Every structure is written in structure tokens, then in C-alpha cells.
Amino acid sequence: MAFSLAHPAHHELVIKKSRFIACVEPVADREEAQARVAQLKAEHPDAAHVCWALLAGGQSAANDDGEPGGTAGRPMLDVLRHQDLQGVMASVVRYFGGVKLGAGGLVRAYTDAVAQALLTADKIPLIKQAQLACSVPYALEGLVRREVELAQAQLQEVSHGSVVTLHFALPESDAAALMHRLSESGRGQLVWLDDGNAP
């Protein structure tokens, strides 16, 4: 099972006078991650590097920000992967202390900073959502809305044309039961629309 984080978590390491300020936090996509990196660079204008890693499905990324290739972003990304995280960004702001750490020392420093921050993080399970859509005559709209509410599904969009089309999401584990109930109570007048994510 994949996890995300409830809140940002921080940790700071000092290694041979260099400060490594780590943060792990929930981030939805690359755009949000890049905005966060820009914010960190503005908050730490004297920092030597702001390295980061993002694990967010197809938008994962790792950035060494001037450190030797593969010594910062990739090791940080590996830590996130080992923890089964999704939708999470790790960032480390480094203030250089004047002593070079070497490639192995950098990999250890960035890995440890992120791993230590994750020790204090509040992990939450990511529940896979099923996206469902159906169309019904106007007379059945109220019934569908009640069933969706009872199932604690999230009504996302309703459009009114010749029929009413409703789009909603709920945990995948609950989708089959709701589809069965709606099909039964729809008396053959409910049509499921294939939007690609139905179970």
C-alpha cells in the first residue's frame, strides 16, 4: 500500500560544518514541487544548494542543484521509494561549511537528512479512488444523489441535458457495492458511462 504524509516534517544535520536542512512534505505534482523549491531558494538566499526529489506517479523527479551528479536528488528519491510514498517531495537546503565531503559523504548526508525527517513524519495510507459516471432520467436524480451521499462518495460533477449525468469518486473497495445498489434501484434506466476508471 502507498502512503502520503499528513504534514511536512523537518530534520537538520550538521556534517563537517555543512548544514543540511531537510523537509519532507505532501506535494501533488511537479509544478507544486518547483514552486516550493523557488520558495525555499527565496527563504535561503545564502544556501549553496537546494536539492529535491519528488515521487508523484508519472511526475517523479530528482534534482542535484549543482551537487555532483547522482549525489543528492537520486539518493533522496530512493529513500522516498523505500518508504512506499506517493505525492511526497523531499528537499534539502545545504549551507556549505568549507569542508568537501566527497561523493560518498554527500550521498550519506542527503540520504540521512531525508530518512531522519521521515522518522518524525505522520504517514497516511493512500486509498485508491474509483471514478464512476452514470446517466439517469431526471426522475431518478434524487435517488442517485442519496445513494452517493450514503456511500460517502464524492460527487464531482452533475450535468443536465436530455438526461442527468453524474460523476463521482469513492474508494475502489466500495465501488462494486454502490454500482450494484444503483443498478438495482435504477430499474434498468440507469446507464453506466465508461470513463476508464470503473472497476
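Computed over the range 1-90, relative contact order equals 32 percent, with contacts defined as Cα pairs under 8 Å that lie 6+ residues apart. Taking Val79, Val163, Val27 in turn, the Gaussian network model of the chain (Cα-Cα springs below 10 Å) assigns the largest fluctuation to Val163. Using the 1.4 Å probe convention, the accessible area of the chain works out to 52 Å² per residue with neighbouring protein chains retained.
In this Cβ point-charge picture (+1 for Lys and Arg, -1 for Asp and Glu), the range 124-199 has a dipole of about 140 debye about its Cα centre. By the scheme Lys and Arg +1, Asp and Glu -1, what is the net charge of all other residues having a beta-carbon under 11 Å from that of Thr111? Computed value for this residue: 0. For the range 175-191, the Karplus equation 6.51 cos²θ - 1.76 cosθ + 1.60, evaluated at θ = phi - 60°, returns couplings of 5, 4, 5, 5, 4, 5, 4, 5, 4, 5, 6, x, 6, x, 9, 8, 10 Hz by residue, with Gly and Pro reported as x. Each Cα pair under 8 Å and six or more residues apart adds its sequence gap; the mean of these over the residue count of the range 1-48 is a relative contact order of 27 percent. Placing one equal scatterer on every Cα of the chain and applying the Debye formula, the log10 ratio I(q)/I(0) at q = 0.07, 0.11, 0.13 Å⁻¹ is -0.33, -0.62, -0.72. Summary of packing: across the peptides 121-127, 105-111, the per-residue average of other C-beta atoms within 10 Å ranks them, highest first, as 105-111, 121-127.
The magnitude of the dipole of the chain, with charges of +1 and -1 set on the Cβ of Lys/Arg and Asp/Glu and taken from the Cα centre, is near 640 debye.
Within the accessible area of the chain, what % is carbon and sulfur when the probe is 1.4 Å and the other protein chains stay in place? Answer for the chain: carbon and sulfur cover 51 percent of the accessible area. Near Ala61: Cβ cut-off under 14 Å, other residues only, Lys/Arg at +1 and Asp/Glu at -1. The net charge is -2. Residues whose amide H falls under 5 Å from that of Val164, counting only those 5 or more places apart or on a different chain, are Val136, Tyr138, with hydrogens built in the peptide plane. Residue-wise HN-Hα couplings along the range 112-128, as the Karplus relation 6.51 cos²θ - 1.76 cosθ + 1.60 with θ = phi - 60° gives them from phi, are 5, 4, 5, 4, 5, 4, 5, 4, 9, 6, 9, 7, 10, x, 8, 9, 5 Hz; Gly and Pro carry x. Selection among Leu5, Val164, Ala48 by position relative to the dipole of the chain gives Ala48 as farthest towards the positive end (Cβ unit charges, Cα centre). As a length-normalised measure over Cα pairs under 8 Å and 6 or more apart, the relative contact order of the chain settles at 23 percent. Considering only Ala38, Pro125, Gly104, the residue lying farthest towards the positive end of the dipole of the chain is Gly104, judged by Cα position with unit charges set on Cβ. Of the candidates Ala169, Ala56, Ala115, which one comes out as most mobile in a Gaussian network treatment of the chain with C-alpha springs shorter than 10 Å? Evaluated over the chain, the most mobile residue of the options is Ala169. So what J values fall out for the range 24-35 if you push phi through Karplus, 6.51 cos²θ - 1.76 cosθ + 1.60 with θ = phi - 60°, rounded to Hz, Gly and Pro as x? Result, rounded to whole Hz: 10, 7, x, 9, 6, 7, 4, 4, 5, 5, 5, 5.
Amide H to amide H, with H built 1.01 Å from N, Leu126 comes under 5 Å of Ala2, Phe3, Ser4, counting only residues 5 or more places away or on other chains.
Work out the P(r) tail for the range 18-73: percent of alpha carbon pairs separated by more than 15 Å, whole number. Tail fraction, whole percent: 48.
Close amide H contacts of Leu193 (hydrogens built in the peptide plane, cut-off under 5 Å, sequence separation of 5 or more or a different chain): Ala133, Cys134, Ser135.
The values are calculated or read from the model by the stated rules, or taken from the named source; none is laboratory data. Just so you know, these numbers come straight off a predicted model, no measurement behind them. Positions of Cβ are generated from backbone atoms using ideal geometry, with glycine treated the same way; all protein chains shown enter the neighbour counts. For the accessible areas, the whole protein counts, side chains as well, though only heavy atoms, and no ligand, DNA or RNA atoms are used. Shrake-Rupley method; radii C 1.70, N 1.55, O 1.52, S 1.80 Å.
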